[in-house]
Amino acid sequence: MNRFNIHPTINTIVLVIVLITGIIYGIQENKQEIVYIDNIKLFNGFNMTKDIKVIEEAKIKKAGKVLDSLYVIFKSINDKENTSFKSLQQQIAKKSKAFQELQDNYTHNLSKNVWDRLNNYIKVYAQTNNLKIILGTSGNGNVMFAEETIDITNQILEFSNRKYEGNN
């Protein structure tokens with residue numbers, strides 16, 4: 001009878017050892033399946049971001065110069081009752097609103113379009129490299145610390161820029 005009581009204890013000990021070994025092995029195996037990227041560095045280094053900024057900022061600069069010119073003319077008119085003064089005032093209001101909308105659309109579309117493209121590239125990169133999780137960080141979010149060995153920002157950036165430029 002004593003012999004049978006020892007058997008369950010040994011079985012339990014063996015089971016615990018096997019589970020612990022499996023967990024340790026699993027953690028070591030999965031270590032490279034969880035990585036992170038620096039969102040800000042990736043966004044700013046992506047060639048699409050740079051291309052869009054050049055094009056859109058030129059449009060904004062041009063619209064800003066037109067608006068500035070209207071303000072100069074507006075300030076030079078002395079007669080406040082003049083019809084050209086009121087017409088210019090309306091034109092400035094319209095151009096100012098259009099300028100603000102241009103800036104707002106630029107900011108929104110830049111972010112949306114770039115992240116849509118990057119998210120597709122990140123997904124392909126993860127699937128190609130058998131990564132289970134890619135965390136995004138900006139230094140003040142969910143990931144407050146991670147080993148630099150699992151930072152793949154540069155690899156993702158190079159991969160994304162090659163894809164964006166049409167190179168595989």
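Remarks
- Chymotrypsin sites (Phe, Trp or Tyr not before Pro) within segment 92-164, DSSP loop, no more than 10 other Cβ atoms inside 10 Å: 145
- Restraint check, 41/75; 65/123; 62/123; 95/123; 61/112; 75/112, Cα-Cα greater than 32 Å: 41/75; 65/123; 62/123; 95/123; 75/112
- Sparse-neighbour loop sites [trypsin sites (Lys or Arg not before Pro); segment 76-168; at most 14 other C-beta within 10 Å; DSSP]: 80, 132
- Loop-located GluC sites (Glu not before Pro) across segment 82-163 with a Cβ neighbour count of 12 or fewer within 10 Å are 147, with loop assigned by DSSP.
Each reported figure results from applying straightforward, stated rules to the coordinates on display, with no laboratory input. All figures in this text were calculated on a predicted structure; none of them were measured in a lab. Please note: Cβ atoms are built from the backbone with ideal geometry, for glycine as well, and neighbour counts cover all protein chains shown.
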